[in-house]
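Worksheet for the structure shown next.
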Amino acid sequence: MKLDVPKRRLTTDAALGLGVFAASFTLFAARFLVPRPIAMSNNGDGGRVLCGAGITWRGLPEPFIHLAYSAPPGAAPCRPTYLLTQSWLADLAVRLAGVVGFPATLSLVVLGLLSSLIAAAAVAAIVLGLPYSRRARLAVAAGLLLVVADSAFFGYFAAVLGEGAAFLGLLLIAGGLLLTAREGRWSYAGMAVTLAGGVLAVNAKVQTLTILPILVVAILLVRPGTLRGARRWAAAVLVVCALGVATLAAQQSVEPAVAPDGTLAELPGDDSREINMFNTIFLNIVDGRHDTRADLADLGLPPSFAQYAGNGWWHPHPARIDPRYPAYRDRMDRANVIAYFASHPGRTLEVLNRAATDQLTARPDYLGSFDRSAGFAPHAQEYRVPVVSWLTGLIAPLGLFALVPLWLLVLAGAWSRRRAALGVVLAFLLVVSVSQFGMAALGDGIEGVKHQSVALFTLLLALVLAVPVRRERVRAV
C-alpha cells in the first residue's frame with residue numbers, strides 16, 4: 001500500500017491542477033468578455049508590438065481600444081527595432097485569426113483568450129508547486145486570481161503593450177521554480193515552465209532584461225527534485241544556458257534601431273537611452289520646483305537651460321531644440337544621472353517616495369478600457385475586479401512608508417523558508433520588484449504609474465505566496 005502513495009498523490013495533484021486550470025480559465029474568460037471585451041488602449045508605443053506581429057501601424061496615443069488591428073492597404077512591411085514578447089503572443093493570435101478566416105488581422109479577443117489560457121496554466125503550476133495542504137493551496141489560488149484579474153493588470157493581457165507578457169512570464173517563473181523542487185516528472189515539467197516563463201518575462205521590455213541575472217541565481221539555488229551532485233547542477237546549467245541562448249537570439253532578431261543622435265543602437269534600448277535620461281534630468285531633477293541653477297551646475301549643464309525646467313523630451317519647448325544642446329548631449333547619460341543621485345540623497349529619496357506612490361496607485365488614468373462603439377467617454381476605464389488596486393490606492397499617499405513594510409513582509413517570508421524552493425521564489429520576486437522599482441523611478445521621468453506596474457505585480461504575487469508561510473504547516477512534496 002505504501003508504494004501506491006506516490007501514485008495516489010500524483011493522481012490527486014494532477015486532478016487538483018486540472019481543476020484549478022479549468023476554473024481559472026473560465027473565470028478569466030468571463031472576466032474578459034462579459035459584458036464586453038476590455039483591454040488597455042495604445043499609449044503610442046503599440047506600433048512596436050503590432051510590427052512584431054506583422055502589422056504596420058502608425059498612430060498617436062488613443063483614448064479607445066481597437067478590437068481588431070489590420071494593416072492599412074498598401075502599407076510597407078515593417079521589422080521591429082525593439083523586442084517585446086507581447087509581439088510573439090500577438091503574432092500567434094494573428095495566425096489563429098487567420099485559421100478562422102481573418103488573415104493579417106490581430107483580434108484582441110483572440111489575444112486576450114490566449115493570454116488568459118497561459119495565465120490559468122501558470123496559476124495551476126504555482127498551486128501544484130506549493131508545499132501546502134489542499135485548503136491552503138486553494139486559498140493561495142484565490143489570492144492569485146484576485147491579483148491577476150485586478151483591473152490594474154488584466155487589461156494588459158489583450159493590449160498592444162509589453163506589460164502583459166511580463167506578468168505572464170513572472171507567473172510562469174514562480175510556478176516553474178516551485179515545480180522544479182518536486183520529485184520525478186514534476187521537476188522536469190518545472191524546468192520547462194521556468195524556461196518558457198523566463199524567456200517571456202526577460203524579453204518583455206528592455207526594462208525587464210535585468211530579470212535575467214536574478215533568474216539565473218534563482219535557478220541555481222532551487223534543487224531539482226531528488227537530483228544530487230553533478231546531475232543537479234547539470235540540470236540547472238542546462239536551463240540557464242537555454243535561457244541565455246534564447247534571450248540572445250531574441251534580442252538579435254530585431255533591426256538595429258537608430259538613436260536620436262543618428263547612430264545605430266548596439267544594445268537593446270540604446271535608441272531610447274538618451275530620451276530616458278533626458279526625461280529623468282528635466283522631469284525628476286531640473287523640474288522647476290527646486291534650485292534649478294544649482295542642479296544644472298551639478299549636472300554640467302549651462303544656466304540657460306533653466307528655461308526648459310520641467311519640459312520632457314516630447315514637450316513643445318524642450319532643451320533638445322536648443323542650439324547649444326549638441327554640445328551637452330553627452331551629459332544625458334546614465335553615469336551623470338547616477339552621480340547626481342548619489343551625491344544628493346535627499347533628492348533621491350524624494351524621487352523614490354514619489355515613485356512609491358506611483359507604484360501603489362497601480363493604474364494610469366490615460367489608458368482606456370473600451371472600444372469606441374461601447375459608447376463610453378474617451379479614456380473610460382473598467383473596474384470589474386478592483387479589490388487589490390483599491391487597497392494599494394488607499395495607502396498610495398504614504399509612498400515609501402507603505403511600500404517598504406510590504407518589502408519587509410516578503411523578506412520575512414523568504415527568510416523563514418530560506419532552505420526551501422518557496423523561499424527562493426519569494427526572494428526572486430522581491431529582488432525583481434525592488435530592482436524594477438529603482439529602474440523605473442530613477443531611470444525615466446515619464447509614465448511613472450505605468451512603468452511601475454511590473455514592480456507592483458511582482459510584489460503582489462510575492463505577498464500572496466508569502467502570507468501562508470508562517471501559518472501553514474509545510475507538507476512533504
Can you tell me which residue is surrounded by the most Cβ atoms within 10 Å (Cβ to Cβ) among those in region 218-235 that are without any contact (Cβ under 8 Å) to a residue 40 or more places away in the chain and over 16 Å from A420 (Cβ atoms)? W233
Output the residues belonging to region 281-299 that are among the aliphatic types (A, V, I, L, M), over 14 Å from D444 (Cα atoms) and surrounded by 13 or more Cβ atoms within 10 Å (Cβ to Cβ). L296, L299
State whether one or more residues within region 75-83 are outside any loop (DSSP other than H, G, I, E, B), of a type in the set (V, I, T) and either closer than 25 Å to N203 by Cα or out of contact with any helix residue (DSSP H, G or I) (no Cβ under 8 Å at 6 or more places or on another chain) (or both). no
Starting from residues that are touching a Leu at 6+ places or on another chain (Cβ under 9 Å) and farther than 18 Å from A421 by Cα, keep the ones in region 198-207 and report whichever is surrounded by the fewest Cβ atoms within 10 Å (Cβ to Cβ). V206
Out of R8, R48, I need the residue that is in a helix (DSSP H, G or I), within 20 Å of A204 (Cβ to Cβ), out of contact with any helix residue (DSSP H, G or I) (no Cβ under 7 Å at 6 or more places or on another chain) and modelled with pLDDT under 90. Which one? R48
Count of residues meeting criterion [over 21 Å from L442 (Cα atoms), in contact with a helix residue (DSSP H, G or I) (Cβ under 9 Å, 6 or more places away or on another chain) and either part of a loop (DSSP other than H, G, I, E, B) or touching a residue at least 40 places away in the same chain (Cβ under 8 Å) (or both)] in region 300-323: 3
Filtered residues of region 333-362 (kept if at pLDDT below 95 and not in a helix (DSSP H, G or I)): D333
Out of all the residues in region 324-332, is one or more within 22 Å of H451 (Cβ to Cβ), in contact (Cβ under 8 Å) with a residue 24 or more places away in the chain and not hydroxyl-bearing (S, T, Y)? yes
Would you mind stating whether R232 is assigned to a helix (DSSP H, G or I) and more than 23 Å from A166 (Cα to Cα)? yes
Residues that are under 18 Å from A39 (Cα atoms) and in a helix (DSSP H, G or I), drawn from region 84-96: Q86, S87, W88, L89, A90, D91, L92, A93, V94
With the condition kept exactly as written, say whether any residue in region 219-227 is among the charged types (D, E, K, R) and either touching a Gly at 6+ places or on another chain (Cβ under 6 Å) or not in a loop (DSSP other than H, G, I, E, B) (or both). no
Go through region 353-375 residue by residue and tally those that are farther than 21 Å from L442 by Cβ, buried (at least 17 other Cβ atoms within 10 Å of the Cβ) and not hydroxyl-bearing (S, T, Y). 6
Cβ pairs under 8 Å, 6+ apart or interchain, first in region 9-33 and touching a residue at least 40 places away in the same chain (Cβ under 8 Å) and charged (D, E, K, R), second outside any helix (DSSP H, G or I) and buried (at least 18 other Cβ atoms within 10 Å of the Cβ), ordered by first then second residue, are R31/A149; R31/V385
Can you go through A124, A136, A76 and tell me which one is at pLDDT 95 or above and either surrounded by fewer than 24 Cβ atoms within 10 Å (Cβ to Cβ) or over 22 Å from L459 (Cα atoms) (or both)? A124
Can you find a residue that is crowded, with 24+ Cβ neighbours inside 10 Å and at pLDDT 90 or above anywhere in region 99-107? yes
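The values are calculated or read from the model by the stated rules, or taken from the named source; none is laboratory data. Quick caveat, the model's predicted, so the values are computed rather than measured. In this analysis, Cβ positions are derived from the backbone assuming ideal geometry, glycine residues included, and neighbour counts consider all displayed protein chains.
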